[in-house]
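Novice: Below is the structure I would like to discuss, written out as structure tokens.
The values are calculated or read from the model by the stated rules, or taken from the named source; none is laboratory data. If you're wondering where the values come from, they're calculated on a predicted model, not measured in any experiment. Quick reminder, even Gly has a Cβ in these numbers, built from the backbone with ideal geometry, and neighbours come from all protein chains shown. Ligands, DNA and RNA are excluded from the accessible area calculation, which covers all protein heavy atoms including side chains. Shrake-Rupley method; radii C 1.70, N 1.55, O 1.52, S 1.80 Å.
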Amino acid sequence: MFSRERLMAMARCLIWGLKTARKADFKRGDVVVVGFCRLYIELAANVQSLLIKEGIHVIPEMMMTPEMELNLYSLGDNDQLQFLPQWLLNKQENLNGMIMILAYENLNHLKDLEPTKMALAQKSKKPLLDIRNQRERSGDFGWTLCVMPTEALAEEAGMSLEEYEEEVAKICHLDDDPVVFWKNLHNEAMEVKRYLNSLDVDYFHVVSDSGKTDLKVYPGESRQWIGVSGHNIPSFEIYTSPDCYKTEGTFFANNTMFKDGNRVTDVNLEFKDGRVVSCSAKEGEEFLKKQVSMDDTSDMLGEFSLTDANASSITRFMASTLYDENVGGEFGNCHVAIGRGFGDSYCGNKEWTPDLMKQIGINSSAQHWDLISTEKKIVTAHLKDGHEIVIYKDGSFIIPEPVGC
């Protein structure tokens, strides 16, 4: 397992992420949940100690083990799957932050279960997400998370546990001064976002060399690009939540993805008037189709994302969405997510409400599933004045110098 030094370095990264992700400063007496898996109790204790020293009230919460998850989904009836106690909703109103330490002990324990059972449980948690999104928008709440090395992840990624740990340490810069690295990357990403946000875009057109991706994504009203904002450790992506009602064309995700114990490869999506009208996969197609039809807007986009190959230190398959959605490699990556969008991509002056999000096309689905393409591609911004600007090519953002404000 990770050395004590690396665990403390990761704890410091997570504290930086939490503070950066929240709009308002943390103050003495604020309340933060630290969620953790049993393999990384020591990391959770490190995070707890750092927060306590700053006067924060810490609520440690251990997540379900694979055995517990299997019990719930295989034995629970619909009422049990959808059970959401009022005290849990009430707690969200008083939380100021959340740090989640994920460590997947088993990637396949749920693969034989009916996906609709997991979808039912996921949909029941939407009121929690709505509360957190609203509090995050107001600056009262912030969150971050990480995924730690496990035997299961290493095996699926084709590595030994030691090799996987070295990859994570390299990606997160744990053996250097990680907080300095993430602060610098955060500042560099701000320059990219300032430029992208200065463009008056009608739609973005993504075309891959293979021709399998030919997608038009419409940013929608009062949108901004966000990313490298502390929410995930690591995070190299720049993304936005587009107008989910207007997506047109095709998208091919060539990266292998895992969700709810299911392995899905080579996904093809076709969009018309914002919705997926056809989908296929080389592996996991039945699961894909059930996810697309999970709720009223699970077949619509919630995210459009680009990762610069020069920024990302991820160069190989990691068998975890957190890492794989940030892969750099030769051509960077473009990924989309079907399902829930991000309220903080809205930068308008109207009061943030779920009704407003629906009105302007920020997806409110209960699910969020990233589908990743590492194919060589060009992304062109079609401006409202009729001009066209290439913003991404051969895995890199194309930003003029000097960057406009």
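Novice: To the nearest µm²/s, what D does Stokes-Einstein give for segment 225-351 at 37 °C and 0.692 mPa s, using the Kirkwood radius over alpha carbon pairs as Rh?
Specialist: Numbers: Rh = 15.3 Å.
Here the translational diffusion coefficient equals 214 µm²/s.
Novice: Need the full-extension length gain, D177 to Q359, defined as separation in residues times 0.36 nm minus the C-alpha distance. One decimal, nm. Kindly include the intermediate steps, with their values, before the conclusion.
Specialist: Details: separation 182, 0.36 × 182 = 65.52 nm, distance 4.38 nm.
Full extension from D177 to Q359 adds 61.1 nm.
Novice: Under a 10 Å cutoff between Cα atoms, tell me which one of P149, P127, P242 has the largest fluctuation in the Gaussian network model of the chain.
Specialist: P127
Novice: Cα centroid distance between segment 111-162 and segment 56-97, in Å?
Specialist: Result: 12 Å between the Cα centres.
Novice: Something else: Looking at the P(r) of segment 162-291, how many percent of alpha-carbon pairs lie beyond 25 Å? List each step's numbers first, then the result.
Specialist: Working: 3796 of 8385 pairs.
Here the long-distance tail beyond 25 Å is 45 percent of all Cα pairs in segment 162-291.
Novice: Which of the helices in the chain meet the span-like rule: DSSP H, Cα axial reach of 20 Å or more, Kyte-Doolittle mean at least -1.0? Please report the intermediate quantities before stating the final value.
Specialist: Working: long enough: 4-21 (25 Å, 0.26); 178-198 (30 Å, -0.52).
Membrane-span-like by this rule: 4-21, 178-198.
Novice: How big is segment 1-143 on each of its three principal axes, counting only the C-alpha atoms and giving the largest first in Å?
Specialist: Cα spread of segment 1-143 along its principal axes, largest to smallest: 43, 38, 20 Å.
Novice: Let me ask something else about it. Carbon-plus-sulfur fraction of the accessible area of segment 246-382, 1.4 Å probe, in percent? Numbers along the way, then the final one.
Specialist: Details: 2030 of 4700 Å².
Of all accessible area on segment 246-382, carbon and sulfur atoms account for 43 percent.
Novice: Averaged over every viewing direction, what's the projected area of the C-alpha convex hull for segment 136-178? Give it in nm², one decimal, please. Provide the component values of the computation, followed by the final result.
Specialist: Values: hull surface 17.6 nm².
Averaged projected hull area, Cα only: 4.4 nm².
Novice: Related question: For the chain, with the dipole built from +1 on Lys and Arg beta-carbon atoms and -1 on Asp and Glu ones, taken about the Cα centre, which of N133, T374, Q82 lies farthest toward the positive end?
Specialist: So the residue we want is N133.
Novice: Could you pull the Rg and Dmax for the chain, using just the Cα atoms, both in Å?
Specialist: For the chain, the Cα radius of gyration and maximum Cα-Cα distance read 20.2, 60 Å.
Novice: Can you run the Rg to Rh ratio on segment 252-292? Use alpha carbon positions and the Kirkwood inverse-distance Rh.
Specialist: Values: Rg = 10.0 Å, Rh = 10.3 Å.
Ratio of gyration radius to Kirkwood radius for segment 252-292: 0.97.
Novice: Report the Cα-based extents of segment 269-333 along its three principal axes, largest first, to the nearest Å.
Specialist: 36, 25, 17
Novice: Ranked highest first by average number of other Cβ atoms within 10 Å, how do 201-213, 369-381 line up? Mind showing how you got there, number by number?
Specialist: Details: 201-213: 17.5, 369-381: 20.8.
By packing density, highest mean first, the sequence is 369-381, 201-213.
Novice: Consider just the alpha-carbon atoms of segment 291-405 and return their Rg together with their Dmax, both in angstrom.
Specialist: Final numbers for Rg and Dmax: 16.2, 45 Å.
Novice: Let me see the P(r) profile for segment 37-114: every Cα-Cα distance counted, bins of 5 Å, each bin given as a percent of all pairs.
Specialist: For segment 37-114, the pair-distance distribution reads 3, 12, 17, 18, 19, 16, 10, 4, 1, 0.
Novice: Taking the Cα centre of segment 300-405 as origin and charging only Cβ (+1 Lys, Arg; -1 Asp, Glu), how large is the dipole, in debye to the nearest 20?
Specialist: Numbers: 8 positive and 14 negative charges, 35 e Å.
For this selection, approximately 160 debye.
Novice: Considering only DSSP beta bridges with both partners in the chain, what is the antiparallel share in %, to the nearest 5?
Specialist: Values: 54 of 73 bridges.
Taking every DSSP beta bridge within the chain, about 75 percent pair in antiparallel fashion.
Novice: Further question: Using only alpha carbons, build the gyration tensor for segment 306-365 and give me the equivalent ellipsoid semi-axes, biggest first, whole Å. Walk me through the numbers on the way to the answer.
Specialist: Details: eigenvalues 191, 32, 13 Å².
So the equivalent ellipsoid measures 31, 13, 8 Å along its semi-axes.
Novice: Sticking with this structure for a sec: Averaging sequence separations of C-alpha pairs under 8 Å and six or more residues apart, then dividing by the length of the chain, give the relative contact order as a whole percent. Show your work: numbers first, answer last.
Specialist: Details: 909 pairs, mean separation 65.7, N = 405.
That works out to 16 percent.
Novice: Related question: Convex hull over the alpha-carbon atoms of segment 1-73: what's its volume per residue in Å³? Let's see the in-between values first.
Specialist: Numbers: hull volume 7.2 nm³, N = 73.
Output value, Cα hull per residue: 99 Å³.
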